[in-house]
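The values are calculated or read from the model by the stated rules, or taken from the named source; none is laboratory data. All of these numbers come straight from a predicted model, not from anything done at the bench. All Cβ positions, even for glycine, are placed from backbone atoms using ideal geometry, and neighbour counts span all protein chains on display. Only protein heavy atoms, including side chains, enter the accessible area calculation; ligands, DNA and RNA are left aside. Shrake-Rupley method; radii C 1.70, N 1.55, O 1.52, S 1.80 Å.
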Amino acid sequence: MSSVRRIICLANSWKHQERCIAGIDYDTGRWIRPVCDDSLNPKDGRVPRFVRLVQGREPELLDILEIRLDDTGPNFGFECENLSILPGQWNCLGKANITDIPRECLNFEYILHNSRKYVNPSDLKKLPLDQRRTLQLVKTNKFSIHRDPNDKGQTKWKGTIETANGCKLEKAPITDPEFVHKLNSRYPPSPNCLITVPNCLVTVSLGMPWAPPNWEGEPPCWKLIAGVIEL
C-alpha cells in the first residue's frame, strides 16, 4: 500500500554527494526518512537531486513536504524510520511553525541511545524495531561549533551540543549544507575558529556503519548533526 504523507522537513543532509531527507509526519508526529530502495541507491537510501527537488529547489528545513511513500521501506538491518519513495513529484505545502512540532519529540534520556559519539548496529538490533531510533530532535542549551581542517586542506565543521537536562554530544560532524554555507560565509578560515550559538533545534542522525582506520570492533553508526534551526 502507499499514501501521500505530509512531512515537516527537519534534515536535508549531505550523504555521499547526494542528500538524506528526514522529518516528522505532520499528522502523526512519527519520524520518517524517505529512501530510495530501487536501482538508484539500494545500499544506503540517499535521495538523488532529480527525485527530491520541490519546485526546482532543495527542500528546506520546516518545509511541509508532500511525498508519495510506501508503508514500508528498507531498514538496512537497524533503522525503523525508513519508507520507500514512490514515483511522483514532491510538493511543498508551506512552512511549519516550531509549535507544529510535537513536544514529545524533545523528551529523551540520551541523544540517540547513549552518551557516546556513535551507536553500534548490534546494540540497535537488540531493540524492538520501533525503538531503534536513528533520528532525534534536540533543543540545545549550548551549541559550540569549531572548524576542523583535515590533512587535505578541506574545511569541516563539528559541533558540541548540550541540553538543559545535561545531555551532551561532543564534536559531531555537521552535515547540514545550508548551515555549513552560513558558517563558511560568516567566519574567516581559521583553524582556531570557535563559535557558540544559543537556542537551536538540532536534528541528530545516525549515519551508515563506518569504521576509521585501525578501528577495533564492528563499524559503528556515527552521530551527525544533520539539520540546524536557529531559533
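None of ALA164, ALA172 is within 25 Å of TYR110 (Cα to Cα), open to solvent by 30 Å² or more (accessible area, probe 1.4 Å) and either more than 19 Å from the chain's Cα centre (by Cα) or of a type outside the set (Asp, Glu) (or both) except ALA164. Here LEU61 meets the list (1) in contact with a helix residue (DSSP H, G or I) (Cβ under 8 Å, 6 or more places away or on another chain); (2) without any contact (Cβ under 8 Å) to a residue 40 or more places away in the chain almost entirely, failing just condition (2). Here PRO219, PRO209, PRO177 are screened, and the one residue that is at pLDDT 90 or above, over 18 Å from the mean Cα position of the chain (by Cα) and closer than 27 Å to GLY45 by Cβ is PRO219. Which residue out of LEU65, LEU93 is closer than 28 Å to CYS221 by Cα and either open to solvent by 40 Å² or more (accessible area, probe 1.4 Å) or touching a Phe, Trp or Tyr at 6+ places or on another chain (Cβ under 8 Å) (or both)? Testing whether each residue is closer than 28 Å to CYS221 by Cα and either open to solvent by 40 Å² or more (accessible area, probe 1.4 Å) or touching a Phe, Trp or Tyr at 6+ places or on another chain (Cβ under 8 Å) (or both) leaves just LEU65.
Right, GLY29: open to solvent by less than 10 Å² (accessible area, probe 1.4 Å), out of contact with any Gly (no Cβ under 8 Å at 6 or more places or on another chain) and in contact (Cβ under 8 Å) with a residue 40 or more places away in the chain or not? Judged against the criteria, GLY29 is not a match.
Looking across the range 169-191, just one residue is without any contact (Cβ under 8 Å) to a residue 40 or more places away in the chain and outside any helix (DSSP H, G or I), and that is PRO188. Taking first residues from the range 1-16 that are modelled with pLDDT of 90 or more and open to solvent by less than 10 Å² (accessible area, probe 1.4 Å) and partners that are among the aromatic types (Phe, Trp, Tyr) and not in a strand (DSSP E or B), the Cβ contacts under 7 Å between residues at least 6 apart in sequence or on separate chains come to ILE7/TYR26; ILE8/TYR26.
Can you tell me which residue is nearest to PRO198 (Cα to Cα) among those in the range 143-164 that are of a type in the set (D, E, K, R) and modelled with pLDDT of 90 or more? That would be GLU162. When every residue of the range 123-130 is checked against the conditions, none turns out to be of a type outside the set (Lys, Arg) and in contact with a strand residue (DSSP E or B) (Cβ under 6 Å, 6 or more places away or on another chain). Of the strands (runs of 3 or more DSSP E) lying entirely inside the range 99-168, those carrying at least 1 residues that are under 21 Å from TRP215 (Cα atoms) are 142-149, 155-162. Within the range 8-53, the only residue that satisfies the criterion of being of a type in the set (S, T, N, Q), in a loop (DSSP other than H, G, I, E, B) and more than 17 Å from LEU69 (Cα to Cα) is GLN17.
Scoring PHE76 on the criteria (1) in contact (Cβ under 8 Å) with a residue 60 or more places away in the chain; (2) open to solvent by 30 Å² or more (accessible area, probe 1.4 Å); (3) assigned to a strand (DSSP E or B) leaves a single failure, condition (3).
For GLY77, the conditions (1) at pLDDT 95 or above; (2) at positive phi all hold with the exception of (1). Here is the figure for the range 191-231: residues that are of a type outside the set (A, V, I, L, M, F, W, C) and open to solvent by less than 40 Å² (accessible area, probe 1.4 Å) total 7.
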